[in-house]
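Since the structure comes first, as structure tokens, the remarks are kept for the end.
The values are calculated or read from the model by the stated rules, or taken from the named source; none is laboratory data. As the structure is a prediction and not an experimental result, all values here were calculated from the model. All Cβ positions, glycine included, derive from the backbone under ideal geometry; neighbour counts span all protein chains shown.
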Amino acid sequence: MNFGKFAVSALSLALAFSLSGCGKSEDAGNVIKIGSVAPLTGPQTHIGKDNENGARLAVDEINAKGLELGGKKVKLELYGEDDQAEPKTATIVAQKLVDAGVVAVIGHLNSGTTIPASKIYHDAGIPQISPSATAVAYTAQGYNTAYRVMANDAQQGRALGQFAVNKMGAKRIAIIDDRTAYGQGLAGEFEKAATAAGGEIVAHEFTNDRATDFNAILTSIKGKTPDLVFFGGMDPQGGPMARQLKRLGLNAKLLGGDGLQNANFMKLAGADAEGVVASSPGLPIDSMPGGPEFRKKFEAKYGVIQVYAPYAYDAVYALVEAMKRANSAEPAKVLAELPKTDLQGVSGPIKFDAKGDTEGGAVTLYEVKDGAWRVLETVK
Amino acid sequence: MDIFLQQLVNGLVLGSIYALVALGYTMVYGILELINFAHGEVTMIGAMVALSVIGVLMGAAPDLPGVMVVLAGILVAIPACMALAFGIEKVAYRPLRKAPRLAPLITAIGVSIILQNLAMLIWGRQYVSFPPLLPVARFEFLGAHISLLQIVIVVLAVTIMAGLWLLVEKSRLGRAMRATAQSKEVAELMGVNVDRVISATFIIGAAIAAIAGVMVSAYYGLAHYYMGFMLGLKAFSAAVLGGIGNIAGAMLGGLLLGVIEALGAGYIGDITGGFLGSHYQDVFAFFVLILVLVFRPSGLLGERVANRA
């Protein structure tokens, strides 16, 4: 353990030196360093690179237009870092950026990496805006440095609960959650919202994030004749659950969060995915107010948009707007201005609440039709 | 009533799979008094190999009927698992046959970890989905939904168990196995090739495990590198519940454990008024196991250890 800690600090020190080394060649007063962290290696590379490119697009645009702070012309410089979607690496990279003297960080991509890194940014007093971390815990730590530009899991759970009762007409609802931080949190918010909207929770069953057999709990649920089954969990459980639900002749719709809204769920559920409804935070790109224009700009430079690039782009603008209002890039002054953010972003209006979450973040609902996820509607 | 019947069906299907895997544990224990912890992983390898074969066949001959493709998968998985079990016994257990009993137990755990990681390297960390090849016919019986696959699983499991019973009780090899189980030394003196009998035991267990592995992945529609762990643990418990070393016990224990689990998960919430929920599904099964062991330490059908030489 001790050696591990030593190795980590030695490594981050070495990295920090190499970073600060390349920064010094320019006039330090005129260059503003911004960090961007996402997995740039491993299975999520494409999404990570997408985030970085979104941020880079915004930085290049702002530099091209010219930015003036405190009467001086300044240039933004983006430091792209790779956290490999690993919490451990995330903290090393975060320390490295802090040591390199970045004034703010756009990232990270995953909740699992964003949360441990947020402590380091908070201790260093520099603002962090995540384009894509949705776990409630991220902004619930009481850090004045943690912001995000996407709806969190609580907002998603609320939207799902209201949608289930008001739009899908569910009256008797059964809930299954996988007892993970994500699944339990989402199911809890869903339950509150669904009850408030007038739905009746007839069963709340549990499983775990390694289970594959849901026959027993689904049969028990069947005895309570629900018209909707909500699952708070991920696709490896959701897939077989969709199959077993159909096989047991349970006449209820399956509803889930962004853990199900992906291609892998379709593969695991096979033909039984048909009719399943799931949500995903944010808007589909073409429904965003600035979506089509952003797509044109982005695709001319970097190719196809994966998912979160518009959010990374907006995060940079929210940050720079705060710098402009503070008339400085000093982290403390920027932090004082960030809560006043009121930006018409590509993904929609961006305003932060006291915790650093976006007010009225959008959630989009999708349904599987003819073997593909189709947009049902977006709720705010 | 229909709900109860449905839970019973769920439990029986699950239980027949447990029973098949439990047979492998109990046969090896009966002869070597060794708990072959790698047996769950052999089941997993069976599923993975079958899925690979199915994937290749679907690409090479898309016109082949689904049942044939799955059958081909099973037919490749069985010899693959037999070879694997033969190798495991030869490398990890045979050199330690005269060692203290704890030593082969530890190599068994080692083999289990190696196989799991090997599978992760070969097939990846992702869940592998079982393609929709089998007919999805469903029947309704007194309100309970029973699929063709569920019937096939139970019938096949019962057939295999009956076949194994005949093999052990009526064949020459079976007599040699029973003799070896009673006393290796005496059996050897009577001209039984003990090494060969032990290898045969491992191989038969692995062949059954391969079939069970394909059943599980077809039933749940997926396979993954750690699926063997929990399945192995449950099957081992089933073997202990029925009386480890006893073949009929493994069958009874497997079926019983499956039914207890289904009924437990289905009714525990209602019985305790929500105090204990369905996340206690696994706990419930193991709780029953502990109860049985407290009152009948040798399991339901187990003989008293004093009778063993």
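Table: residues versus (1) under 17 Å from B:Phe202 (Cβ atoms); (2) in a loop (DSSP other than H, G, I, E, B); (3) within 14 Å of chain A (Cβ to nearest Cβ); (4) of a type in the set (Ser, Thr, Tyr).
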| residue | (1), (2), (3), (4) |
| --- | --- |
| B:Val111 | yes, no, no, no |
| B:Gln116 | no, no, yes, no |
| B:Ile146 | no, no, yes, no |
| B:Leu149 | no, no, yes, no |
| B:Leu156 | no, no, no, no |
| B:Ile160 | yes, no, no, no |
| B:Gly163 | no, no, no, no |
Next item on the list: Test each condition in (1) assigned to a helix (DSSP H, G or I); (2) crowded, with 18+ Cβ neighbours inside 10 Å; (3) touching a residue at least 40 places away in the same chain (Cβ under 8 Å) for B:Ser199 and report the one that comes out false.
Entry: (2)
Note to self: Residue pairs, Cβ under 8 Å, 6 or more apart or interchain, first in the range B:40-58 and at positive phi, second of a type in the set (Asp, Glu) and modelled with pLDDT of 95 or more. List them.
What the structure shows: none
Margin query: Here are the criteria: (1) surrounded by 20 or more Cβ atoms within 10 Å (Cβ to Cβ); (2) touching a helix residue (DSSP H, G or I) at 6+ places or on another chain (Cβ under 7 Å). Tell me which single one B:His224 does not satisfy.
Written below: (2)
Check: With respect to B:Gly221, is the statement that it is touching a residue at least 60 places away in the same chain (Cβ under 8 Å), closer than 28 Å to A:Ala269 by Cβ and over 12 Å from the mean Cα position of the chain (by Cα) true?
Finding: yes
Check: Restricting the search to the range B:243-269, which residues are within 17 Å of the chain's Cα centre (by Cα), within 14 Å of chain A (Cβ to nearest Cβ) and buried (at least 24 other Cβ atoms within 10 Å of the Cβ)?
Finding: B:Leu257, B:Gly258, B:Glu261
Check: Applying the selection to the range A:357-377, what residues are surrounded by fewer than 18 Cβ atoms within 10 Å (Cβ to Cβ), part of a strand (DSSP E or B) and in contact with an Asp or Glu (Cβ under 8 Å, 6 or more places away or on another chain)?
Finding: A:Lys369, A:Arg374, A:Leu376
Check: Of the conditions (1) free of Cβ contacts under 8 Å to residues at least 40 places away in the same chain; (2) within 14 Å of another protein chain (Cβ to nearest Cβ); (3) assigned to a loop (DSSP other than H, G, I, E, B), B:Val192 fails just one. Which one is it?
Finding: (2)
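Looking only at the range A:347-356, count every residue that is among the hydrophobic types (A, V, I, L, M, F, W, C) and part of a strand (DSSP E or B) and tell me the total.
Final tally of qualifying residues: 2.
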Checklist line | Selected residue (criterion: surrounded by the fewest Cβ atoms within 10 Å (Cβ to Cβ)) from residues of the range B:118-141 that are more than 13 Å from every other protein chain (Cβ to nearest Cβ) and without any contact (Cβ under 8 Å) to a residue 40 or more places away in the chain | finding: B:Leu121
Item checked: Selection within the range A:165-210 - over 19 Å from A:Asp153 (Cα atoms), aliphatic (A, V, I, L, M), away from every other protein chain (no Cβ under 14 Å) and out of contact with any Gly (no Cβ under 8 Å at 6 or more places or on another chain) -> A:Met168
Next item on the list: Enumerate the strands (runs of 3 or more DSSP E) found wholly within the range A:141-211, keeping only those where 3 or more residues are over 23 Å from the mean Cα position of the chain (by Cα) and of a type in the set (A, V, I, L, M).
Entry: A:172-177, A:200-206
Notebook entry, point to check: Which residues, taken from the range A:116-140, are part of a helix (DSSP H, G or I), crowded, with 22+ Cβ neighbours inside 10 Å and in contact with a Pro (Cβ under 9 Å, 6 or more places away or on another chain)?
Noted result: A:Ala117, A:Tyr121
Checklist line | Cβ-Cβ under 9 Å pairs, at least 6 apart or on other chains, the range B:250-269 side hydroxyl-bearing (Ser, Thr, Tyr), far side in a helix (DSSP H, G or I) | finding: B:Tyr267/A:Ser220; B:Tyr267/B:Phe4; B:Tyr267/B:Gln7
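Looking at A:Leu343, A:Leu376, A:Leu319, can you tell me which residue is over 20 Å from A:Ser132 (Cα atoms) and either touching a Leu at 6+ places or on another chain (Cβ under 8 Å) or not assigned by TED's automatic domain parsing to the domain that holds A:Leu255 (or both)?
Exactly one residue qualifies, and that residue is A:Leu376.
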Next item on the list: Go over the candidates B:Ile17, B:Ile45, B:Ile3 one by one and state the one that is under 17 Å from the mean Cα position of the chain (by Cα) and within 14 Å of chain A (Cβ to nearest Cβ).
Entry: B:Ile17
Notebook entry, point to check: Just wondering, is there one or more residues in the range B:48-62 that are in a helix (DSSP H, G or I), closer than 29 Å to B:Trp165 by Cβ and modelled with pLDDT under 95?
Noted result: no
Notebook entry, point to check: Hey, among the residues in the range A:90-114 that are surrounded by fewer than 22 Cβ atoms within 10 Å (Cβ to Cβ) and in a helix (DSSP H, G or I), which one's nearest to the chain's Cα centre (by Cα)?
Noted result: A:Ser111
Item checked: The one condition in (1) in contact (Cβ under 8 Å) with a residue 60 or more places away in the chain; (2) under 16 Å from A:Leu260 (Cα atoms) that A:Lys167 fails to fulfil -> (2)
Notebook entry, point to check: more than 16 Å from the chain's Cα centre (by Cα) and at pLDDT 95 or above: does that describe A:Val375?
Noted result: no
Notebook entry, point to check: B:Glu41 fails exactly one of the following numbered conditions: (1) more than 20 Å from B:Tyr226 (Cα to Cα); (2) charged (D, E, K, R); (3) buried (at least 24 other Cβ atoms within 10 Å of the Cβ). What is the number of that condition?
Noted result: (1)
Note to self: Any residue that is farther than 30 Å from A:Asp370 by Cβ and within 8 Å of another protein chain (Cβ to nearest Cβ) - is there at least one of those in the range A:254-265?
What the structure shows: no
